[in-house]
Amino acid sequence: MFMPLRCDQTTPWPLLQAHYADRGRHLDMRRAFEQDADRFAHFSQSAPHVFADLSKNLWDRDSEALLLDLARATGLEAHRNAMFAGEAINTTENRAVLHTLLRRPANVALPGDVPETAQRLADVHSTLNAMLAFAEEVRSDTTITDVVNIGIGGSDLGPHMAVRALEEFRIPSKRFHFVSNVDGHELHHVLQGLKAENTLFIIASKTFTTAETMMNARSALAWFTAQGGQDVAGHFVALSTNLEATRALGITTTFGFWDWVGGRYSLWSAIGLPMAIAIGEQGFREFLAGGHAMDEHFRTAPLAQNLPVRLGLLDVWYRNFYGFTSRCVAPYHASMCRYAAYLQQLEMESNGKRVALDGSTLTCATSPAIWGEPGTNGQHAFFQMLHQGADVLPLEIVAVRKASHPLPGHQQKVLANALAQTQALMVGKASDDGHRHFPGNRPSTLILLDALTPTTLGALIALQEHRVFVSGSLWGINSFDQWGVELGKVLAKDLETRWESGDLAGLDGSTAGLLQMLRTPAV
Ligand code: F6P
């Protein structure tokens with residue numbers, strides 16, 4: 001089993017520290033552009049369906065070269081190959097990490113594939129074919145007007161983000177709803193507009209034990225029966241790795257996936273069913289093809305021309321040397337309104353760790369906080385802080401060249417705004433009046449798609465998955481478990497029991513006081 005070396009224990013690490021102290025922290029991008037006529041060309045990177053301008057970032061060729069040395073010293077390439085080959089690199093759960101197999105064309109073998117791969121790939125394609133055939137049936141079933149996805153975390157964020165992002169490609173005769181919150185307001189509000197005979201419920205849960213999803217699924221089943229609905233098999237479908245549990249709930253129409261697909265990496269599996277219904281079989285296959293094209297780029301391009309690698313290295317540079325604590329994500333496309341929420345789970349659940357694969361405690365920081373909103377809206381809200389706040393917060397823009405709407409003038413404005421923000425952040429504007437002074441030299445990355453389509457979205461999402469892998473690999477952590485979410489779940493269960501019994505013994509003062517308050521009916 002290959003284990004990467006922690007980057008803070010490699011030889012290039014102190015060299016990078018020295019480089020940062022001597023030169024890196026003094027780098028002024030404005031001067032760097034004057035000194036290096038090819039800076040834009042050098043820090044431009046094309047990858048399948050995606051272009052990125054990395055030149056408005058606080059690095060130069062020397063810092064980049066040292067970061068590439070760091071990547072080599074940790075064994076990034078061997079770790080990447082081990083992931084693609086199906087080795088159990090998720091060591092705390094002893095699982096392979098094979099979301100890339102979900103988008104691998106049938107019959108393609110990779111060097112080093114573990115022996116189970118051919119069977120796994122055959123299973124992937126037979127489930128995919130069945131899931132897509134079902135999606136096509138639903139699309140042509142005119143009695144189904146509403147599709148309700150019930151799921152949370154990776155069983156919600158991916159399909160929700162993608163169905164919204166690809167609304168131009170969506171079948172117009174159906175509405176799509178996403179219920180994730182256990183707060184009954186959400187489900188109640190959705191159910192109010194529905195008729196049982198016209199609704200398809202998709203219960204999406206990798207484990208089929210997630211408390212929020214199980215509660216919402218039971219409530220939806222109860223509502224369906226109360227409305228006179230009888231054909232549960234025709235109106236409820238379950239997506240899970242735990243098909244036994246789906247049957248225990250009375251759901252017999254099911255599509256499975258496998259424990260080697262992480263929840264936050266599962267959009268490409270049966271969890272993508274709402275998306276497949278929305279954009280159809282061909283669209284879903286194009287999405288997979290976009291992801292696969294990015295996989296091939298990540299797997300085969302030299303590190304220095306590898307977009308996920310360059311982004312991941314920049315993430316490490318910013319987090320561990322500049323000490324930047326967050327990354328703002330701003331898509332300049334209104335349909336990408338769930339993109340930041342999706343990336344939050346991808347990055348923070350993957351890399352929000354402080355213990356390395358070998359169990360040792362890291363000496364360096366890991367995941368930045370990810371946050372954001374569509375760009376134009378952000379400009380009129382939190383961009384003030386990006387331009388003039390006391391903290392430097394790197395910005396990552398996604399811009400789309402071609403609009404899919406016919407309204408004249410809008411797209412040029414959107415793109416000019418995206419570009420102007422990166423320009424303003426870097427160039428700044430000197431003023432003797434401190435209130436009007438823009439310090440500039442603030443970093444941003446611009447990711448550009450020609451159009452927002454299933455293919456380009458697939459490439460973009462795979463790019464983000466792989467850049468998270470790169471920084472996680474350098475930090476030497478397991479990016480594929482999420483033990484940090486468990487304690488809260490256990491305590492919530494315990495508090496529900498105490499709620500019934502009134503037993504406050506052993507609770508801390510605040511929790512006991514609040515539980516006592518909550519047990520008293522509100523007036
Ligand atoms: O609690 C965290 C988590 O396990 C995520 O990793 C996952 O995406 C989400 O819950 C939902 O899990 P499931 O798909 O098993 O319901």
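The values are calculated or read from the model by the stated rules, or taken from the named source; none is laboratory data. Everything quoted here is computed from the prediction, not taken from an experiment. Note: ideal-geometry Cβ built from the backbone for every residue, glycine included; neighbour counts use all protein chains shown.
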* To do: May I ask you to list the residues in the range 154-170 that are over 19 Å from Lys206 (Cα atoms) and not charged (D, E, K, R)?
  => Val163, Ala165, Leu166, Phe169
* Test Tyr332 against the stated conditions and say whether it is crowded, with 17+ Cβ neighbours inside 10 Å, at pLDDT 95 or above and more than 18 Å from the chain's Cα centre (by Cα). => no
* Subset tally (residues that are surrounded by fewer than 19 Cβ atoms within 10 Å (Cβ to Cβ) and either at pLDDT below 95 or in contact with a Leu (Cβ under 6 Å, 6 or more places away or on another chain) (or both)) for the range 139-155 -> 1
* To do: Would you mention how many residues in the range 409-463 are acidic (Asp, Glu) and under 23 Å from Ala165 (Cα atoms)?
  => 1
* Asked: Out of all the residues in the range 214-252, which are in contact (Cβ under 8 Å) with a residue 60 or more places away in the chain and within 21 Å of Thr143 (Cβ to Cβ)?
  -> Ala220, Val237
* Only residues that are over 24 Å from Arg285 (Cα atoms) and surrounded by fewer than 23 Cβ atoms within 10 Å (Cβ to Cβ): list them for the range 80-102, please. => Asn81, Ala82, Glu87, Ala88, Asn90, Thr91, Thr92, Glu93, Asn94, Arg95
* Asked: From the set of residues in the range 159-202 that are of a type in the set (Gly, Ala, Ser) and touching a His at 6+ places or on another chain (Cβ under 9 Å), which is farthest from Glu373 (Cα to Cα)?
  -> Ala196
* Inter-residue pairs, beta-carbon under 8 Å, first farther than 16 Å from Pro308 by Cβ and small (Gly, Ala, Ser) and in the range 437-464, second assigned to a loop (DSSP other than H, G, I, E, B) and modelled with pLDDT of 95 or more, 6+ apart -> Gly440/Gly428; Ser444/Lys56; Ser444/Asn57; Ser444/Pro394; Ala451/Arg401; Ala451/Lys402
* Write out, first by first residue and then by second, each pair whose Cβ atoms fall under 6 Å of each other, whose residues are 6+ apart or on separate chains, and whose first residue, in the range 184-205, is farther than 16 Å from Thr225 by Cα while the second is more than 16 Å from the ligand (Cβ to nearest atom) and assigned to a strand (DSSP E or B). => Val190/His177
* Asked: Looking at the range 446-477, which of the residues that are of a type outside the set (A, V, I, L, M, F, W, C) and closer than 18 Å to Asn320 by Cα is farthest from the ligand (Cβ to nearest atom)?
  -> Gly476
* **Candidate set: the range 209-235, residues that are touching a strand residue (DSSP E or B) at 6+ places or on another chain (Cβ under 8 Å) and under 19 Å from Gly184 (Cα atoms); chosen: the one nearest to the ligand (Cβ to nearest atom)** => Thr213
* Taking the range 280-297 as the region of interest, how many residues are under 17 Å from the mean Cα position of the chain (by Cα) and among the hydrophobic types (A, V, I, L, M, F, W, C)? -> 3
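Residue by residue, here is whether (1) within 30 Å of Ile89 (Cα to Cα); (2) part of a strand (DSSP E or B); (3) basic (Lys, Arg) holds:
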site	(1), (2), (3)
Ile370	yes, yes, no
Thr376	no, no, no
Asp391	no, no, no
Lys402	no, no, yes
Leu407	no, no, no
Gln411	no, no, no
Asn417	no, no, no
Gln421	no, no, no
* Asked: In the range 252-287, what residues are farther than 25 Å from Gln482 by Cβ and in contact with a helix residue (DSSP H, G or I) (Cβ under 8 Å, 6 or more places away or on another chain)?
  -> Thr252, Thr253, Ala276, Ile277, Ala278, Ile279, Gly280, Glu281, Gly283, Phe284, Arg285, Glu286
* more than 29 Å from His405 (Cβ to Cβ), in contact (Cβ under 8 Å) with a residue 40 or more places away in the chain and either in contact with a strand residue (DSSP E or B) (Cβ under 9 Å, 6 or more places away or on another chain) or within 16 Å of the ligand (Cβ to nearest atom) (or both) - does that describe any residue in the range 288-300? -> yes
* Which helices (runs of 4 or more DSSP H) sit wholly inside the range 452-523 and have at least 2 residues that are modelled with pLDDT of 95 or more and touching a helix residue (DSSP H, G or I) at 6+ places or on another chain (Cβ under 6 Å)? -> 454-475
